[in-house]
């Protein structure tokens, strides 16, 4: 017979734990009740747990639950576009505009001169087309949705084949794969070429009366080297034009400027380049190298954009006022500094162009602000990465604090910093914790020093 006497009372335990967390009391009650039920089932299964063990376990779980709330994090990983840490931070201008729109009413779908219903995102679409130097553009709430929407629009009964090179059947974050995205849209995938080489005649041989389009997918999160080859975009564009269907490219990262001008890294194709080379529609993210909110941007031929906006699925993935506001401000800023885009306040671009000398100076100031105690602290040369599924080969010099604890394990030290306030996330090796300055805002340096002083 199972002994359930070790189970604490829900209300009593919730009352004791509630002051330790910044959670609504009803949520604490619910969490504790569920955890106690879990332990009840364990006890009924003849597991042995003392009351002290149960209460300690629930307390730890509750704190972990509290830390799962969306909250600010200091990114010390050296990965600029960290998918798990919110991708690209917004610049101050976009953030300021967001606050104004989010805390009041707006002309989201209201025409102020006429006083009647207006068009959503009309200004943004014009600005996007201007920036991309193309006929038309629109935006939806993420890049995967932009691709699905485009395919749903251009694929029809009896004309549903989409030709893709085998070397471009990419898997993006979260396990989503290009073949599965095509299937979701109702398209039939037609693979051409080999893993390492695809020729123009491979595309041409695959064309049938059922071909809807050729899809190019930028290999933004992996690369192929060695005995490789593929036709130039203008060649494929001419083939598509000859047969009367569009050429679409999923570009992914959305770099608006020459990346090699900011850091010693490879050139990342821009949407403008793709369109000039003959791409009919280009699709890319607004929240990666562009540095805006999570969104998917589609630019290119006006007739195709018009069709896309008529697709019923467009409403399901349209941008809300918060995305529109921040994306609008981001695009406006790019247009205003078009002659010198690197002068924008987009954080990811600032991180890219910051010198290692500046990073080292900041690291020295942080270290001078606390006593290391039982942790050896040094300033090390390291390498940062763009991240976000873009430029997989790109690494560029950076500076990091190296922490080697003597009285605790490296994982334990890393966890203390992650669950602190503010949360500080670095990266670990076998014997050290690294805090890379490249992805830390200068305004957060004092917070880093404070966080370190609390745990060292």
Search result, residues across the range 163-194 that are more than 27 Å from the chain's Cα centre (by Cα) and within 21 Å of residue 224 (Cβ to Cβ): 163, 190, 191, 192, 193, 194
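Out of 53, 47, which single residue is more than 30 Å from residue 291 (Cα to Cα) and at pLDDT 90 or above?
That would be 53, the only listed residue that is more than 30 Å from residue 291 (Cα to Cα) and at pLDDT 90 or above.
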Cβ pairs under 7 Å, 6+ apart, first in the range 247-272 and surrounded by fewer than 19 Cβ atoms within 10 Å (Cβ to Cβ), second not in a loop (DSSP other than H, G, I, E, B): 261/342; 264/396; 265/259; 265/396; 266/260; 267/259; 267/260; 272/132
Selection within the range 111-135 - free of Cβ contacts under 8 Å to residues at least 12 places away in the same chain and farther than 16 Å from residue 319 by Cα: 111, 112, 113, 114, 115, 116, 117
Residue 157 vs. criteria more than 25 Å from the chain's Cα centre (by Cα), free of Cβ contacts under 8 Å to residues at least 12 places away in the same chain and either assigned by TED's automatic domain parsing to the domain that holds residue 120 or under 20 Å from residue 223 (Cα atoms) (or both): yes
Filtered residues of the range 265-289 (kept if within 20 Å of residue 317 (Cα to Cα) and in a loop (DSSP other than H, G, I, E, B)): 286, 287, 288
Strands (runs of 3 or more DSSP E) enclosed by the range 373-456 - at least 2 residues per element that are at pLDDT below 90: 375-387
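The values are calculated or read from the model by the stated rules, or taken from the named source; none is laboratory data. These numbers were taken from a predicted model, which means no experiment stands behind them. Neighbour counts run over all protein chains shown; Cβ positions are idealised from the backbone, glycine included.
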